[in-house]
Structures are given as structure tokens and as C-alpha cells.
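What follows is a single structure, written as C-alpha cells, with notes after it.
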Ligand SMILES: Nc1ncnc2c1ncn2[C@@H]1O[C@H](COP(=O)(O)OP(=O)(O)OP(=O)(O)O)[C@@H](O)[C@H]1O
Ligand SMILES: [Mg+2]
């Protein structure tokens, strides 16, 4: 294979005097402007890893969250093992189990969910993730001028990891039931890992979300049941 000539090396061969003269002239111009070419570049404050990028999207309260619940760490391992190499060889989430984190108010469900995202990123898994509460989902799907709600819904249906927080906490209606079923059904059919959190007791899920959504959740989800008192009040006491 023939390689293209390196213009700098060609110049130097042709006329070393001119090449070093050009460097000297450039250095003088920079000096005149007060620029030292040997000075190290300043910190650009640019994120360099997927974890740093994710940290910027994670609310400050959960930015250092660690998934330490055994069922959550097991799920992280299962999803990591199910990854497939993508472009450049980096493992990416393909298909895998979903996870239902249930427990009372303040028991640490959202903390575990963000912790799981951080664990996957720390393990070098490539993922396109979204996190929103069920209330935010319904608000985002209310028809509004200038917003393509269908496009937003498609992103939530197809992203490689979705966290749907506080499932069953919003006031239910036929419309919310249909929306939840559409989203859950797509991710169920395509085996797309999803983390759901809920304050509902297992026996109440069917009543709150409808039988068809409850049935899919039962099949697609591993379970992590959190117990204990409200950590927020513990801290305040
Ligand atoms: N394992 C943990 N280690 C340290 N702090 C934690 C842990 N789990 C939760 N917390 C802290 O406890 C508080 C409550 O946690 P979190 O918001 O995750 O609860 P929740 O179960 O999602 O509550 P809710 O049902 O109201 O949504 C937060 O301040 C969180 O940072
Ligand atoms: Mg929460």
C-alpha cells in the first residue's frame, strides 16, 4: 500500500532551513500574543467517561448511590453477563431480565435504581438509559403543542435501559393504564431490561395497574424487596 507523503517531512527534506525558520516565526508570533506553546492545556472540565457523563444526569442526591441490595447486585451481574459486544468491542446491553424494586416510602428504591445504573457503567457496559417517574411519564404524554409525544414514547419503549420510578403512585385512569401497558408490553416483548420501583405491596399491583400489566411484570421481573424504616426520618431523628 502506498502512503501519502507527510507534508511536513517533505518540506523538511526539501528545505530544512525554511521549515525551522517557519517554526521560529510562529513561536515569535505566539510570544508577541503572550502565548506559551509549552504551557499545559487548562482543565477543560469535559466529562471523559460514561460514568462521568451519567453522573451529570443523575440528581445530586443519588450521584454517589451504590447498589448494595443483594437482589439488585445479582440483577446487575445477570444483565452484564447478557451483554453483547457492540461497535468497537465495548459490551452493550442486549436483552435481559427486568427488575422490580418494591418497598415502603424512604426504604431506598430510587437509590438502588441509580446505584444499578452506576454499577453497569462502572463495569464498562454501554447503555442508552432513561429514568423517569410514572407521574412524569403521564405528564410527558399529555398532548401539547410543539411536542412530539410519540417520539418521546418511542425513546422510552426502545432505550437499552429504562428506570420507571414510583409505578402505581400516580392517580390511575383508563388512559394511564393504557399508556403503562403499551410501554411495559413493548419492553416485555423485546426483553429490554427495565427497572421498576413501587411502593405497592405485591398483592396490590394488579388492582393499581391492571391485570395485563401485572401479568407481564410477574414474568419479566426479578424482585428486590426493601424493608426497614424510612431512611429520611432516620436521618432527621
Ligand atoms: N443504601 C443506602 N445507603 C445510603 N443512603 C441511602 C441508601 N438507600 C437510601 N438512602 C438515602 O435514603 C433516602 C431515601 O432513599 P430513596 O429516595 O431511594 O427512597 P425511596 O424508597 O425511593 O422513597 P420513595 O418511596 O419516597 O420514593 C435518600 O436520602 C437516599 O439517599
Ligand atoms: Mg423514590
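The values are calculated or read from the model by the stated rules, or taken from the named source; none is laboratory data. Being a predicted model, the structure only gives us computed values, none of them experimental. Methodologically, a virtual Cβ is constructed for each residue, glycine included, from the backbone with ideal geometry; neighbour enumeration extends over all protein chains shown.
Only one of these is in contact (Cβ under 8 Å) with a residue 60 or more places away in the chain, on the phi > 0 side of the Ramachandran plot and under 24 Å from the mean Cα position of the chain (by Cα): 161, 191. Name it.
Going through 161, 191 in turn, just one is in contact (Cβ under 8 Å) with a residue 60 or more places away in the chain, on the phi > 0 side of the Ramachandran plot and under 24 Å from the mean Cα position of the chain (by Cα): 191.
State yes or no: is residue 201 at pLDDT below 95, within 16 Å of ligand 1 (Cβ to nearest atom), under 13 Å from residue 102 (Cβ atoms) and more than 22 Å from the chain's Cα centre (by Cα)?
So residue 201 fits the description; yes.
Among the residues that make up segment 116-136, is at least one of them at positive phi and within 16 Å of ligand 1 (Cβ to nearest atom)?
No; the residues of segment 116-136 include none that is at positive phi and within 16 Å of ligand 1 (Cβ to nearest atom).
Which helices (runs of 4 or more DSSP H) does segment 47-136 wholly contain that include 3 or more residues that are modelled with pLDDT of 95 or more and farther than 16 Å from residue 167 by Cα?
Of the helices (runs of 4 or more DSSP H) lying wholly inside segment 47-136, those with at least 3 residues that are modelled with pLDDT of 95 or more and farther than 16 Å from residue 167 by Cα span 70-81, 109-122.
I'd like to know if segment 88-99 contains one or more residues that are within 13 Å of ligand 1 (Cβ to nearest atom) and under 27 Å from residue 230 (Cβ atoms).
No - not one qualifying residue is present in segment 88-99.
Among (1) touching a helix residue (DSSP H, G or I) at 6+ places or on another chain (Cβ under 6 Å); (2) closer than 20 Å to residue 131 by Cα; (3) more than 16 Å from ligand 1 (Cβ to nearest atom), which single condition is residue 221 missing?
The single condition residue 221 does not satisfy is (1).
I'd like to verify a number: residues in segment 102-140 that are without any contact (Cβ under 8 Å) to a residue 24 or more places away in the chain and away from ligand 2 (no atom under 16 Å from the Cβ), how many?
Adding up the residues that qualify gives 2.
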